[in-house]
Amino acid sequence: MIEQINNLFEEIKNLTASNAEELEALRLKYLSKKGIINTLMAQFREVPAEQKREVGVRLNELKNAIQEQFNALKENLAGKEEELCDIDLTRTSYPTRLGTRHPLSIVKNEIVDIFARLGFSIADGVEVEDDWHVFSSMNFAEDHPARDMQDTFFVEAHPDIILRTHTSSVQSHVMETSKPPIRIIAPGRVYRNEAISYRAHCFFHQLEGLYIDKNVSFTDLKQVLLLFAQEMFGTGTKIRLRPSYFPFTEPSAEMDISCNICGGKGCPFCKGTGWVEILGCGMVDPNVLELCGIDSKEYTGYAFGMGIERITNLKYQVKDLRLFSENDVRFLKLFESAN
Ligand code: PHE
């Protein structure tokens, strides 16, 4: 038996296992219930008493040696398997795809930057408003057509609560809660009950401006708007003011800029006129100042309001307004480089 054990010592020195199956085969052969070690243990009972001590010690050594050898092979195999698995930890990572800023946000930020440099700060407003801030305080007569259900979204059962139809509602909040000098801009979303098409939507974005102080004149308004137009569309941009009407400004005007798409020569965008309208403006009506608690004998002011979609269209020629709210990534990705 001693000889058999010695032979086994030699045998196990050269054991190898190149995969899990081979390893398992070794386990079965040597270490399982019916394996060689157990068989030898069973035979050990027959060993004559005078040899028992020597054989017992040797058999135990063999058992430990096989177990050790088996463990070493197992460890080795686990290491190999790790190497073989196809994760390359040293490889550079896949590029992360960043989101892009929405074109309306890009343009809004640009407008805000220009006015911020002129000393305007941002005023925030709410989209669900009351009639007073949207209409009454803005000098709309009781029967003004803009209050009509055709234009305005009402909150059912609360005829006084509406979705703001313009950002001018922020004007009244600011005037009610602060003292002149006031110099704010208010960007935000507005709602009108319009059928949705490529050129109209039931919600869109505006940016309001309001400046109130002593001796503010129409000249100040014109100069600020000229500066804005040239910062936004280039130094060669011309502006023209056409008389208009808004309940909350007097006098009122609409401002056109020389069409920056055709350079003023005439194109489909400016309908061949060379000019495109970009905003409404005027001197704050004294009635509005009084309704909002500002002394109209001491103070004057100007206000203006522009559509952000319109300015964005002029910059990027987006032909269909609906693209702005559909969030199609193919459209949004076009503005990656403008971020
Ligand atoms: N609120 C007006 C509109 O929605 C724009 C405007 C703002 C006009 C401020 C004059 C002064 O069309």
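Is there a residue in region 255-264 that is at pLDDT 95 or above and either closer than 25 Å to ALA141 by Cβ or of a type in the set (A, V, I, L, M) (or both)? Looking for residues that are at pLDDT 95 or above and either closer than 25 Å to ALA141 by Cβ or of a type in the set (A, V, I, L, M) (or both), one finds at least one in region 255-264, hence yes. Selection over region 284-318 of residues that are in contact with a Leu (Cβ under 7 Å, 6 or more places away or on another chain) and touching a residue at least 24 places away in the same chain (Cβ under 8 Å) gives a count of 10. Here GLU3, GLU54, GLU75, GLU11 are screened, and the one residue that is surrounded by fewer than 10 Cβ atoms within 10 Å (Cβ to Cβ) and assigned to a helix (DSSP H, G or I) is GLU3. Annotation note: of HIS158, HIS201, HIS173, HIS205, the sole residue that is of a type outside the set (Val, Ile, Thr) and in contact with a strand residue (DSSP E or B) (Cβ under 7 Å, 6 or more places away or on another chain) is HIS205.
Working carefully through the options GLU176, GLU194, GLU142, GLU208, find the one that is of a type in the set (Asp, Glu) and within 17 Å of PHE304 (Cβ to Cβ).
Numbers: GLU176 fails: within 17 Å of PHE304 (Cβ to Cβ); GLU194 fails: within 17 Å of PHE304 (Cβ to Cβ); GLU142 fails: within 17 Å of PHE304 (Cβ to Cβ).
Residue meeting the stated conditions: GLU208.
So that you can scan it fast, the table gives a plain yes or no per residue for (1) in the same structural domain as LYS333 (by TED's automatic domain parsing); (2) crowded, with 18+ Cβ neighbours inside 10 Å; (3) under 27 Å from the mean Cα position of the chain (by Cα):
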site	(1), (2), (3)
ASN109	yes, no, yes
ALA123	yes, yes, yes
ASN139	yes, yes, no
ARG147	yes, yes, no
HIS158	yes, no, no
GLU176	yes, no, no
PRO181	yes, no, no
HIS205	yes, yes, yes
LYS214	yes, no, no
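Suppose the filter is closer than 26 Å to ASN109 by Cα and surrounded by 19 or more Cβ atoms within 10 Å (Cβ to Cβ); does TYR198 pass it?
Numbers: closer than 26 Å to ASN109 by Cα: yes; surrounded by 19 or more Cβ atoms within 10 Å (Cβ to Cβ): no.
Answer is no for this residue.
Among the candidates TYR30, TYR94, which residue alone is of a type in the set (Phe, Trp, Tyr), exposed (fewer than 14 other Cβ atoms within 10 Å of the Cβ), outside the structural domain of LYS319 (by TED's automatic domain parsing) and out of contact with any strand residue (DSSP E or B) (no Cβ under 8 Å at 6 or more places or on another chain)? The match here is TYR94.
Yes/no per residue for (1) closer than 20 Å to ASN215 by Cβ; (2) out of contact with any Phe, Trp or Tyr (no Cβ under 8 Å at 6 or more places or on another chain); (3) not in a strand (DSSP E or B):
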position	(1), (2), (3)
GLY263	no, yes, yes
GLU277	no, yes, no
LEU289	yes, no, yes
PHE304	yes, yes, no
PHE331	no, yes, yes
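Can you list the strands (runs of 3 or more DSSP E) found entirely within region 142-228 that contain at least 3 residues being within 12 Å of the ligand (Cβ to nearest atom)? Full working, then the answer.
Numbers: elements: 158-163, 182-191, 203-213.
Answer list for region 142-228: 182-191, 203-213.
For region 247-255, the count of residues that are more than 21 Å from SER168 (Cβ to Cβ), buried (at least 17 other Cβ atoms within 10 Å of the Cβ) and among the aliphatic types (A, V, I, L, M) is zero.
Being closer than 18 Å to ARG117 by Cβ, touching a Phe, Trp or Tyr at 6+ places or on another chain (Cβ under 7 Å) and among the hydroxyl-bearing types (Ser, Thr, Tyr) is the requirement here; does TYR191 meet it? Spelling it out, it is not the case that TYR191 is closer than 18 Å to ARG117 by Cβ, touching a Phe, Trp or Tyr at 6+ places or on another chain (Cβ under 7 Å) and among the hydroxyl-bearing types (Ser, Thr, Tyr).
Considering each of ILE261, ILE257, ILE278 in turn, give the residue that is of a type in the set (Val, Ile, Thr), under 26 Å from THR165 (Cβ atoms) and more than 14 Å from the ligand (Cβ to nearest atom). Lay out the reasoning, then the answer.
Numbers: ILE261 fails: under 26 Å from THR165 (Cβ atoms); ILE278 fails: more than 14 Å from the ligand (Cβ to nearest atom).
Only one candidate qualifies: ILE257.
The values are calculated or read from the model by the stated rules, or taken from the named source; none is laboratory data. Note that the structure is a prediction, hence the values are computed from the model and not measured. Cβ coordinates were reconstructed from backbone atoms using ideal geometry, including for glycine residues, and neighbour counts include every protein chain displayed.
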